Amino acid sequence: MPAGVSLEKYVKFGCAALASMLLGAQLVHINYRPLDDLPKLIEDEKKVRRLVLTSNRAVDAFCKTLDSSVSENATFFWKNTAVIYAVGPKTAVHAEESIGNGNVFGENSGNGDELATFISNHINTESNVQARLLYPCSDIAVGTVVEKLKQEKPNICVDAVTAYKTTSNMKLEEQLTAAIQDCDGKRTLVFFSPSGVRNVFEASERLGLTLFDDAEVIAVGPTTEQALVHMGHPPDKIMDRPTPDSLLKCLSDN
């Protein structure tokens, strides 16, 4: 429990955090449609030795392909030998449990920038050796990880492959309308991804909602912050980690 926060406030903020995360999960639907490149790269374990995962959805997409389209030798490699980098503890735990590989690193990174820095420091490469990473991501992924790695380690090759497609939840407008009607006090809007920002803005405009009037806006990480700035609503607070404790800290700070 964060210092200076009473038990009553902690419970209240905990409920708010849970509700926010559940709402965030409802903003989008996920369609797992890996391209032909993904199973080919998974199969080619002699060249692609490391895996980068920046969301639970990427973990699920990778596992679906691993379980259905890959040889036993490649499956054994990814489940036992490969090095895996994951953003945050939630994705790291999900990767370890789903893939069955305990070689997961980067769980203390809070966003793509931090993970890229961790990877570049973790890989001990010589100037004439090229490390190769497999990065399954969404069709709307922001290129933070790839761009940062290219800046810090030009000899690292990143195979960024679309592994799933993110689309807006068909019931989003209905859910937003209900949320506005149920809120009789000051609103706190928590955005966990650029796709969530985009979908909420588009739905709000279609409905004519003044969603951001007198609302406190919280963003998870710099890419979500940039998405809000681009939409003309810079966040009031930024979570440094995608965790409930980080959200509780933002909610408790005056």
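Read-outs: derived from the displayed coordinates by stated rules, not from any lab. Please read these numbers as outputs of a predicted model, since none were measured by experiment. Heads up, the Cβs are rebuilt from the backbone with ideal geometry, glycines too, and the neighbour counts pull from every protein chain shown.
Restricting attention to region 168-236, which trypsin sites (Lys or Arg not before Pro) occupy a DSSP loop and are surrounded by at most 13 other Cβ atoms within 10 Å?
Those satisfying the criteria are LYS171, LYS186.
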(message) What whole-number volume per residue, in cubic angstrom, does the convex hull of the C-alpha atoms of region 42-166 give?
(response) 92
(request) Starting from the Cα of ASN169, step 7 Å along the direction of its Cβ; do the same at THR243; then give the gap between the two resulting points in nm. (result) 2.6
(message) Let's test the formula: R0 of 22 Å, r as the Cβ-Cβ distance of ARG187 and ASP253. What FRET efficiency results, to the nearest 0.05?
(response) 0.85
(message) Neighbour counts of other C-beta atoms within 10 Å: give me CYS137, CYS63, CYS157 arranged from fewest to most.
(response) CYS157, CYS63, CYS137
(message) Starting from the 7 Å offset along Cα-to-Cβ, what nm value, one decimal, do you get for the label separation of THR210 and SER68?
(response) 4.8
(message) Rounded to whole Å, give me the distance from the Cα center of region 236-254 to that of region 184-211.
(response) 18
(request) Would you please state the base-10 log of I(q)/I(0) at q = 0.12 1/Å for region 189-254, with intensities from the Debye formula using one equal scatterer on every alpha carbon? (result) -0.28
(request) Calculate the dipole size of region 31-167 relative to its Cα centre from +1 charges on Lys and Arg beta carbons and -1 charges on Asp and Glu beta carbons; express the result in debye to the nearest 20. (result) 120
(message) Less than 16 Å apart at the alpha-carbon level, and either on another chain or at least 8 residues along: which aspartates and glutamates does that give for LYS47?
(response) ASP37, ASP159
(message) Over region 31-167, what is the relative contact order in percent, taking alpha-carbon pairs closer than 8 angstrom and at least six residues apart?
(response) 31
(message) Testing the spin-label approximation: label points 7 Å from Cα along Cα→Cβ at ASN108 and THR177. State their distance in nm.
(response) 4.8
